[in-house]
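Input: a single structure, listed below in structure tokens.
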Amino acid sequence: MTKSVQFAKKSVILIIAIVVACGCIFVIEAQTKIVRRAYDNFILDNENHYLPCEKLPTETEVSKVIQEHQDMIRAIEQVNPGLVGVDMDTMTCSGKADLIIWYATHQDRVEIKRLIGEDTFFGVPYRMQNR
């Protein structure tokens, strides 16, 4: 076998290995969103629930939770008055909703998470955005 044939075989094997590795990385990211989560958390200081629209509660359900828990919403907003807020997002998924909790600093985020104490706001998924 000539050197050029051996080089061609090695090149093909290397390309196949790279394609398979990229495919595996793509599948893992699609399932776990590990890269997106790291980017959101460490670069943007955000937190997302990454749920598809069909898994979100209806606008009516979210509105009811907001009305029933105004005291908690006020407590969240008092973490840093004027720089922390809670909004219902009805634009992203038609007929469905979640909460967006926005804040100014990482310390605000930590305090808000301490107040809520769970991964949902009384059953409603929320996203945290550093603005």
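The values are calculated or read from the model by the stated rules, or taken from the named source; none is laboratory data. In this text, all values refer to a predicted model and were calculated from it rather than measured experimentally. Note that we place each Cβ from the backbone using ideal geometry, even for glycine, and neighbour counts take in every protein chain shown.
For this structure, a couple of remarks:
- Among the conditions (1) within 20 Å of Gln129 (Cα to Cα); (2) in contact (Cβ under 8 Å) with a residue 24 or more places away in the chain, Glu77 misses just one, which is (2).
- Here the condition is being under 19 Å from Pro125 (Cα atoms), surrounded by fewer than 16 Cβ atoms within 10 Å (Cβ to Cβ) and touching a residue at least 40 places away in the same chain (Cβ under 8 Å); of Glu47, Glu61, it holds for Glu61 alone.
- Met91 meets all of the listed conditions (1) farther than 30 Å from Cys24 by Cβ; (2) of a type in the set (A, V, I, L, M, F, W, C); (3) surrounded by 12 or more Cβ atoms within 10 Å (Cβ to Cβ) but one, namely (3).
- Any hit, the stretch 105-119, residues being surrounded by 14 or more Cβ atoms within 10 Å (Cβ to Cβ), of a type in the set (A, V, I, L, M, F, W, C) and in a strand (DSSP E or B): no
- Qualifying residue in the stretch 47-56 (condition: within 19 Å of Thr105 (Cβ to Cβ) and touching a helix residue (DSSP H, G or I) at 6+ places or on another chain (Cβ under 9 Å)): yes
- In the stretch 120-131, the residue that is nearest to Lys55 (Cα to Cα) out of those that are part of a loop (DSSP other than H, G, I, E, B) and at pLDDT 95 or above is Gly123.
- In this entry, Thr58 passes the filter for residues that are closer than 30 Å to Ile28 by Cα and in contact with a Gly (Cβ under 8 Å, 6 or more places away or on another chain).
- Selection from the stretch 87-112 of residues that are touching a strand residue (DSSP E or B) at 6+ places or on another chain (Cβ under 9 Å) and either within 12 Å of Asn46 (Cα to Cα) or β-branched (Val, Ile, Thr) (or both): Thr90, Thr92, Ile100, Ile101, Trp102, Tyr103, Ala104, Thr105, His106, Asp108, Arg109, Ile112
- Any hit, the stretch 64-84, residues being part of a loop (DSSP other than H, G, I, E, B), of a type in the set (S, T, N, Q) and closer than 25 Å to Tyr39 by Cα: yes
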